[in-house]
Amino acid sequence: MIREIEKLDQKWDVIIVGGGASGLGAAIESATRGYKTLLLEQDDFAKGTSSRSTKLVHGGVRYLAQGNISLVLEALRERGLMKQNAPHLVKDQSFIIPNYTWWGTPYYTLGLTMYDLMAGKLSYGRSLPFSKKRTLKYIPTLQEKNLCGGVVYHDGQFDDARLAVNLCQTFVENGGVAVNYMKGDGLKKFNGKVNSVLVTDMESGSRYTLEAKVILNATGVFVDEIIKMDEPKARDIVKVSQGVHLVLDKEFVPGDHAIMIPKTSDGRVLFAVPWHGKVVVGTTDVQKDSAELEPRALEEEINFILETAGRFLTKPPKRSDVRSVFAGLRPLAAPSGEGKRTKEISRGHKIVVSKSGMVTITGGKWTTYRQMAEDVIDTVAKTGKLPEKKSITRDLKIHGYKNGVDLKNPMSFYGSDEEKILNLAKKETGLNQYLSEKLKVINAQVVWGARHEMARTVEDILSRRTRCLLLDAKESVLMAPKVAELLAKELGYDKQWEEDQVKKYSELASRYILQ
């Protein structure tokens, strides 16, 4: 990939800055239309917001309540397409809304039936009212006092960072070039038009000036920084909101059904969702003044989730029960009017073209990444006067595509790559040994990550190629030395690099552990 960048006569049709959900989606959209496309990411793919979601692929019951019908319809359609194109990562998830008032069950049954009808043939299943007895049968850990019954509905659940990795592989398989740890430092103009990006390779320190017909700014919460490289006086177009999640052991919600609490004290919804043998509980909505790569959960957010979950569960979770705490930042398209709280801002996306011809996409959410990509590449093609091509991504199978994966299998998220990893484990000495028996990760997964998934650091492996940091932060720290050793051998680094990596990773992981 780097050799491609270094070709002196290289001129790209499209350069995309940002390797999260919107950048990766746009990259596939661009490459499959035949445009010569380069994707640059300053850190690792999906390092920011795109690996820190609630792990849901959903139409957005909340947006329905807000009356945002067009966003719900779009998200429901895209939810269906995600499952169709990446069945190894996206699955049907049943949710139960427990009702502690007599009117709750008929009220939510009615609203959710409308949600199902809007999904049409891409529906995941029918919403139904449940009696108190049946609600407790599926979620025995729910508070029984005053429980009147429940409503079951269906949405999707997925692994965000793994989808990001597979999207990057799909992009490359379609002729794209992608490089992580490549930071955009500035923009160059010719005749008043942005035509180049100045970048630094964060590993080697090499600097490049890369030319393209169109530059797409898809940097999520950081879009305003890139916009100001183009127009220093431009107003901010993103409002940053933080969402926090706690990860608990499965015993808190032991079945296959998730819990959805539709009204918390801060006016948001709270989810408790089974994920990789654990339960993800969240989220919060706190407005932030600025974006950062490694946001921290605030004490008030942690206490809010523990307290809210505790009101609905027979065994209230304590701090010592939390296996990992992670925070993500949402890039909300800032409304032109003032005074809207972040939870009231639409999750729709926004496309902006500057006077100098740079295109920026902001807002949106994982579920609608493909539609966002289609919309923005339409704009990119017009702006750069690229040949008009139709989108083909609605039916494009994502790398790893495999139907009927066994979700109880800890390696199911690799899809069709699982077999290749197991073959690698058989062929090379020591690779079939457990890196962590507790989290069911083997050494071969580290080597595979380095050879085929562009993993460059211990964090890349433990946070995003496998999800150990999010599933059990303390356990992941114990795994770090072996990961560093395997990576150093693969990438040609020395003992000093190994030690530095372990130290760096341990410091990072300490932020995911509740003291």
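The values are calculated or read from the model by the stated rules, or taken from the named source; none is laboratory data. Just so it is clear, the model here is predicted, and its values are computed rather than measured. Please note: Cβ atoms are built from the backbone with ideal geometry, for glycine as well, and neighbour counts cover all protein chains shown.
List the residue pairs whose Cβ atoms are under 7 Å apart, where the first residue sits in segment 127-145 and is closer than 15 Å to residue 109 by Cα and in contact (Cβ under 8 Å) with a residue 40 or more places away in the chain, the second is crowded, with 19+ Cβ neighbours inside 10 Å and not hydrophobic (A, V, I, L, M, F, W, C), and the two are 6 or more positions apart or on different chains.
Sorted first by the residue in segment 127-145, then by its partner, the list stays empty.
As an exercise: evaluate residue 279 against (1) outside any helix (DSSP H, G or I); (2) modelled with pLDDT under 95 and give the number of the one condition it does not meet.
Residue 279 satisfies every listed condition except (2).
On the basis of being within 29 Å of residue 35 (Cβ to Cβ) and in contact with a Gly (Cβ under 8 Å, 6 or more places away or on another chain), does residue 219 make the cut?
Details: within 29 Å of residue 35 (Cβ to Cβ): yes; in contact with a Gly (Cβ under 8 Å, 6 or more places away or on another chain): yes.
When the stated conditions are applied, residue 219 passes them.
Contact list please: Cβ distance under 6 Å, first residue in segment 351-365 and in a loop (DSSP other than H, G, I, E, B), second residue modelled with pLDDT under 95, pairs at least six apart or on different chains.
Final answer for the pair search is 364/349; 365/347.
Among all residue pairs at least 6 apart or on different chains, which show Cβ distances below 6 Å where the first residue, located in segment 374-385, is farther than 17 Å from residue 31 by Cβ and the second is surrounded by fewer than 21 Cβ atoms within 10 Å (Cβ to Cβ)?
If the second residue must be surrounded by fewer than 21 Cβ atoms within 10 Å (Cβ to Cβ), the pairs left are 383/353; 383/357.
Rundown of residues vs (1) surrounded by 20 or more Cβ atoms within 10 Å (Cβ to Cβ); (2) part of a helix (DSSP H, G or I), yes/no style:
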site: 144; (1), (2): no, no
site: 150; (1), (2): yes, no
site: 155; (1), (2): yes, no
site: 163; (1), (2): yes, yes
site: 170; (1), (2): yes, yes
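Which pairs have Cβ atoms under 6 Å, sit 6 or more apart or on different chains, and link a residue in segment 426-455 that is part of a loop (DSSP other than H, G, I, E, B) to one that is at pLDDT below 95?
Between residues of segment 426-455 that are part of a loop (DSSP other than H, G, I, E, B) and residues that are at pLDDT below 95, the close pairs are 440/410.
Pick from segment 66-117 the residues that are in contact with a strand residue (DSSP E or B) (Cβ under 6 Å, 6 or more places away or on another chain) and in a helix (DSSP H, G or I): which of them is farthest from residue 130 (Cα to Cα)?
Here the residue is 82.
When residues of segment 1-23 are filtered for being of a type outside the set (Phe, Trp, Tyr), farther than 27 Å from residue 281 by Cβ and in contact with a strand residue (DSSP E or B) (Cβ under 9 Å, 6 or more places away or on another chain), how many remain? Working first, answer last.
Residues of segment 1-23 of a type outside the set (Phe, Trp, Tyr): 1-11, 13-23.
Add one more test, that the residue is farther than 27 Å from residue 281 by Cβ, and what stays is 1-11, 13-19, 23.
This time we only want the ones that are in contact with a strand residue (DSSP E or B) (Cβ under 9 Å, 6 or more places away or on another chain), so: 1-2, 4-6, 10-11, 13-19, 23.
Residues meeting the conditions: 15.
Give the residue that is nearest to residue 280 (Cα to Cα), with candidates limited to residues of segment 54-82 that are in contact with a Ser or Thr (Cβ under 9 Å, 6 or more places away or on another chain) and among the polar types (S, T, N, Q).
54
Picking from 436, 510, 463, which residue would you name as being of a type in the set (S, T, N, Q), over 26 Å from residue 178 (Cβ atoms) and buried (at least 18 other Cβ atoms within 10 Å of the Cβ)? Explain how you work it out, then say what you get.
On the way: 510 fails: buried (at least 18 other Cβ atoms within 10 Å of the Cβ); 463 fails: over 26 Å from residue 178 (Cβ atoms).
Sole residue among the options that is of a type in the set (S, T, N, Q), over 26 Å from residue 178 (Cβ atoms) and buried (at least 18 other Cβ atoms within 10 Å of the Cβ): 436.
Which numbered condition in (1) out of contact with any strand residue (DSSP E or B) (no Cβ under 9 Å at 6 or more places or on another chain); (2) part of a helix (DSSP H, G or I); (3) surrounded by 16 or more Cβ atoms within 10 Å (Cβ to Cβ) is the only one that residue 476 fails?
Result: residue 476 passes all but (1).
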